Amino acid sequence: MKAWQHFCTITHHRLLVMAGCFRVGLIRQGLTHDLSKYSPVEFRNGVKYYQGTRSPNAAEREDKGFSEAWMHHKGRNRHHYEYWTDMNLSTHTYEAVPMPRKYLVEMVMDRIAACKTYQKEAYTPESALTYFLKSRERLRMHPETSRQLGYLLTMLRDRGEKETFRYLRQSVLRGKPFPWEQDPKNGK
């Protein structure tokens, strides 16, 4: 029973991300989003720790001290900020690097879909921003990625999906500067 419930949960999540990605023009990313969740290591652990109200990775982490499924997942899915780390040659430590915009946009879709999937009727346009602000993850992201994500999730809260998705499609994915990046001297 838990296998079927987990399958339905991850498939529902994927379909929501796919619909969002399609709305902004990220067809390939929508089609391939989170396919690794069906791999043996992720699916098996997802079933074992399935609860239906939150990610099974959290329960696996509480049980084992780490999540094998998450370790597999984050290394294969570029829409997670954890994927975007590399060795800084000056400091010889791993540090976050800025996410490319197409993966930033997919991350926004992923967060919306995760909140809708787990919160169900309690979901609001503020849900993803609330989660982001409560977590410490923004401190581990590259500052540019964190600022961009916070801006987009705030836009979602204040202006809704339609306006946010339009902005993602017409500005973010076209490489236009965010408001704080604009040069007042030449209007860019």
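The values are calculated or read from the model by the stated rules, or taken from the named source; none is laboratory data. Keep in mind it's a predicted model, so treat the numbers as computed, not measured. Counting neighbours? That spans all protein chains shown, and the Cβs are built from the backbone with ideal geometry, glycine included. For accessibility, only protein heavy atoms count, side chains too; no ligands or nucleic acids. Shrake-Rupley method; radii C 1.70, N 1.55, O 1.52, S 1.80 Å.
Would you calculate, for the chain, the mean residue ellipticity at 222 nm contributed by helices, counting each DSSP H stretch of 4 or more residues as -39,500 (n - 2.57) and dividing by all residues, to the nearest 500?
Taken over the chain, the calculation gives -18500 deg cm²/dmol.
Please say if the range 1-105 is rounded, prolate or oblate, where rounded means a/c under 1.5 for a ≥ b ≥ c the square roots of the C-alpha gyration tensor eigenvalues, and otherwise the choice is prolate for a/b larger than b/c and oblate otherwise?
oblate
Return the FRET efficiency for the residue pair Ser171, Met1: r is the Cβ-Cβ distance, R0 is 35 Å, and the value is rounded to the nearest 0.05.
0.20
Taking all pairs of different Cα atoms in the range 116-188, averaging 1/r and flipping that mean, what Kirkwood radius in angstroms comes out?
It is 13.6 Å.
Over the heavy atoms of Lys102, what accessible area does a 1.4 Å probe trace out, to the nearest 10 Å²?
Counting only protein heavy atoms, the figure is 90 Å².
If you average the C-alpha positions of the range 69-125 and of the range 126-168 separately, how far apart do those two centres end up, in angstrom?
12
By how many nm would the segment from Tyr131 to Phe22 grow when fully extended, if each residue of separation counts as 0.36 nm and the alpha-carbon distance is taken off?
Contour length minus the Cα-Cα distance gives 36.8 nm.
Counting only protein heavy atoms and a 1.4 Å probe, tell me what percentage of the chain's accessible area is made up of carbon and sulfur.
The value for the chain is 55 percent carbon and sulfur by accessible area.
Using the structure shown, select from Lys74/Lys102; Lys2/Lys37; Lys102/Lys134; Lys48/Lys74; Lys102/Lys176 the pairs with a Cα to Cα distance greater than 21 angstrom.
Lys102/Lys134
Take Glu121 and Leu89, extend 7 Å from each Cα along the Cα→Cβ direction, and tell me the distance between the two endpoints in nm.
5.8
Working with all protein chains in place, sort Trp4, Trp180 by solvent-accessible area computed with a 1.4 Å probe, largest first.
Accessible-area ranking of Trp4, Trp180, largest first: Trp4, Trp180.
Answer with one residue from Tyr167, Met109, Leu153: the one whose Cα lies farthest towards the positive end of the charge dipole of the range 96-188, charges on Cβ with Lys, Arg +1 and Asp, Glu -1.
Tyr167
Where in the range 19-82 are there chymotrypsin sites (Phe, Trp or Tyr not before Pro) that are in a DSSP coil and have at most 16 other Cβ atoms within 10 angstrom of their Cβ?
The qualifying sites are Phe66.
With charges only on Cβ, +1 for K and R and -1 for D and E, what is the dipole size of the chain about its Cα centre, in debye, rounded to 20?
Charge dipole of the chain: 460 debye, to the nearest 20.
Charges at C-beta only: +1 for Lys and Arg, -1 for Asp and Glu. How large is the resulting dipole of the range 1-54 about its Cα centre, in Debye rounded to 20?
80
Quickly work out the Asp158-to-Ser39 label distance, labels modelled 7 Å from Cα along the C-beta direction, and quote it in nm with one decimal.
3.9
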